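Below: one structure in structure tokens.
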Amino acid sequence: MIELILVMIIIGILAAISVPRFTQIVRQSEAASEQGVLINLVAALDTYSQEQFIEDGVLSWPDNPFDALNKVPQSYDKSQSTLMQDMNDSDWIFTGNASNDYKNSIVHRRKEDSLAVWTYNKSNGEIGYSNPPYKPSQVVFRPDLQGQ
């Protein structure tokens, strides 16, 4: 009986140590994945604007930054009908003008039910982010959204 109690205590200690570490690893992998998507978007927007300049003699960028990509993320909402509060796990959306407070924003739903938000300026092709590079300019918890 004492051995069983000791085993339970040891398992409890191991769980208390490993669960937070696992959560941190998941967050780091999500941040790395987001960074990869943003790096691809920035490069694609640069290429898009250069192609427009060659064609028309004027730098221009797409209304939706995902239109510049040859291959969008698998979980990107191509229908552009998903609202921020309705996003599923790991979804990517571009809000366009559909959101009241987050117009023209690139949004990714994270595992912990938060939404990473980057702004997009279609007049100059810039994506707004925080340091380190490509960190979301804002993180919103999905349950806090009201009618977005």
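Not counting ligands, DNA or RNA, and with a 1.4 Å probe, what is Ile39's accessible surface area in Å² rounded to the nearest 10?
Approximately 80 Å² for this residue.
Find the centroid of the Cα atoms in segment 116-145 and in segment 32-54, then give the distance between the two in whole Å.
15
Among Val117, Val58, Val37, whose mean-square fluctuation peaks in a Gaussian network model of the chain (Cα, cutoff 10 Å)?
Comparing Val117, Val58, Val37 in the GNM, the peak value goes to Val58.
Once neighbouring chains are kept in place and the probe is 1.4 Å, which whole percent of the accessible area of the chain is contributed by carbon and sulfur? Spell out each step's value before the answer.
Numbers: 5110 of 9300 Å².
Ligands and nucleic acids excluded, carbon and sulfur give 55 percent.
If you don't mind, there's one more thing I want to ask. How many Lys pairs in the chain lie less than 22 angstrom apart by Cα atoms, where the lysines are 8 or more positions apart or on different chains?
Taking the Cα cut-off of 22 Å, the pair count is 9.
Here's something else I'd like to know. If you count only protein heavy atoms with a 1.4 Å probe, what accessible area per residue comes out for segment 21-148, rounded to a whole Å²?
Accessible area per residue, segment 21-148: 58 Å².
Which sequence of Thr82, Thr95, Thr119 reflects their accessible areas, 1.4 Å probe, from the largest down?
Numbers: Thr82 40, Thr95 15, Thr119 70 Å².
Final ranking, largest accessible area leading: Thr119, Thr82, Thr95.
Which loop trypsin sites (Lys or Arg not before Pro) in segment 19-89, with loop taken from DSSP, have no more than 16 other Cβ atoms within 10 angstrom of their Cβ?
Listed in order of number, the matching sites are Lys71, Lys78.
The values are calculated or read from the model by the stated rules, or taken from the named source; none is laboratory data. Just so we're clear, the structure is a prediction, and the values are computed from it rather than from any experiment. Don't worry about glycine lacking a Cβ; one is built from the backbone with ideal geometry, like all the others, and counts go over all protein chains shown. The protein model used for the area step is the full one, side chains on, heavy atoms only, and it has no ligands, DNA or RNA in it. Shrake-Rupley method; radii C 1.70, N 1.55, O 1.52, S 1.80 Å.
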